[in-house]
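Working notes, beginning with the structure itself.
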Amino acid sequence: MSAFISVVSQSLHISPLATRIGIFCLTSQLILTFLFDRRTKILPLGPWSDLPAFTAHQVVSFPFMILLSYYGWKEWEFDMQKFRDDNTNTLLSAHDRVFSFSNTEDIPLAYGTGAILLWDIPIGLLAPSLREPLMIAHHVGMFLVAAVMSGMFSSDGQMIGYYYVPFYFGVIETSSIFLSVVDQFHPKRKAWYAWLNNMQNDSERSTLVKFVNQVNDLSRMFFALSFLVFRGIYFPYTSIVHAIPDVWRAYENPPDGVPMWTCYFLCLSLCLFSCLQSYWGVLVARQIKKTLFGGEDDKEGKKKKR
């Protein structure tokens, strides 16, 4: 198995850890999809039977979102001393933050390369229930950024911007924990949505559905708040104020073997991702406003009544 991992890692130019994570996610996806599929008749029929690939994807991704968030916050907030000068206790220079640190065993970065390349993108293309062009494009962009940061395109494997890896591939995924629940019961997932809103069952199942409904309502609230704070505000702020200026200054004297185009790519990608996150943040903010104060339809209705 180790020989196979080594061959795949070298062929794809990703770390062995990234390969292991990617293969684990893909294998789990295939096994769970097989179990959930109504044609196998292994499990009782349920909403998972109508959406086997989607349900399997949610089961695999949910614990990883928790794991990524944990490692992201741990490194971003509590393990930052290594990026500070021991004498002055101030952050090291932009060049040091971008080029002086590396960790091929970093879990968030390994997920960003291995899991997205070997599992998320292929499944998103092959499974109709997961085939959303914007999300596939988003994942392709995430992989390319992770690949550049992991040193895939540097001649000697020089990692780029490892200082920011915990933030972009860890902290930001906090909102994804709640999104996993919200997306599970979204109206476009008709089978799961119908199951959640069907209360005409025996008392035991009715109690379960009510509990899940409460969890979903709480997840919607926490998702909206966490997305608005972390992705709508914190992501663009960190990118525009810190990451992009750091990268630009660091490339004034890049190490040998680091192509200059990676600077332009990272700066452009962070800018575009910031715009995308801000746009999504505005949509979430509008939804919050609509929930709290009512939408245009409600206002029109009140005017007609008058």
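Taken over the range 6-56, the criterion of being assigned to a helix (DSSP H, G or I) and of a type in the set (Val, Ile, Thr) is satisfied by 7, 8, 19, 21, 23, 27, 31, 33, 55. In the condition set (1) of a type outside the set (S, T, N, Q); (2) open to solvent by less than 50 Å² (accessible area, probe 1.4 Å); (3) at pLDDT 90 or above, residue 92 is compliant with all but (3). Looking across 182, 215, one residue alone is within 23 Å of the chain's Cα centre (by Cα), over 26 Å from residue 278 (Cα atoms) and at pLDDT below 95. It is 215.
Residues in the range 1-32 that are within 22 Å of residue 139 (Cβ to Cβ) and among the aromatic types (Phe, Trp, Tyr): 24 only. Being farther than 14 Å from residue 123 by Cβ and open to solvent by less than 70 Å² (accessible area, probe 1.4 Å) is the filter here; which residues of the range 64-84 pass it? Listed by number, the residues that qualify are 65, 67, 68, 69, 71, 72, 75, 76, 79, 80, 83. Put simply, of 40, 55 the only residue that is more than 30 Å from residue 153 (Cα to Cα) and open to solvent by 20 Å² or more (accessible area, probe 1.4 Å) is 40.
Taken together, the criteria place residue 122 among residues that are open to solvent by 30 Å² or more (accessible area, probe 1.4 Å) and either at pLDDT 95 or above or within 26 Å of residue 19 (Cβ to Cβ) (or both). Comparison of 121, 136 shows that the only residue that is under 19 Å from residue 277 (Cα atoms) and under 13 Å from the mean Cα position of the chain (by Cα) is 136. Out of all the residues in the range 187-205, is one or more assigned to a helix (DSSP H, G or I), of a type in the set (S, T, N, Q) and at pLDDT below 95? Yes, the range 187-205 contains at least one residue that is assigned to a helix (DSSP H, G or I), of a type in the set (S, T, N, Q) and at pLDDT below 95. One residue stands out among those in the range 213-224 that are without any contact (Cβ under 8 Å) to a residue 24 or more places away in the chain and open to solvent by less than 90 Å² (accessible area, probe 1.4 Å): the one that is nearest to residue 270 (Cα to Cα), which is 217.
If you filter the range 150-161 down to residues that are open to solvent by 10 Å² or more (accessible area, probe 1.4 Å) and not small (Gly, Ala, Ser), you find that the one that is farthest from the chain's Cα centre (by Cα) is 156. If the condition is being open to solvent by 90 Å² or more (accessible area, probe 1.4 Å) and either at pLDDT below 85 or within 23 Å of residue 143 (Cβ to Cβ) (or both), then the range 264-289 contributes 264, 268, 272, 279. When residue 3 is tested against (1) surrounded by 14 or more Cβ atoms within 10 Å (Cβ to Cβ); (2) of a type in the set (A, V, I, L, M); (3) part of a helix (DSSP H, G or I), only condition (1) is not met.
The values are calculated or read from the model by the stated rules, or taken from the named source; none is laboratory data. These figures come from a predicted structure and were not determined experimentally. In this analysis, Cβ positions are derived from the backbone assuming ideal geometry, glycine residues included, and neighbour counts consider all displayed protein chains. These area figures cover heavy atoms from the full protein model, side chains too; ligands, DNA and RNA do not enter into them. Shrake-Rupley method; radii C 1.70, N 1.55, O 1.52, S 1.80 Å.
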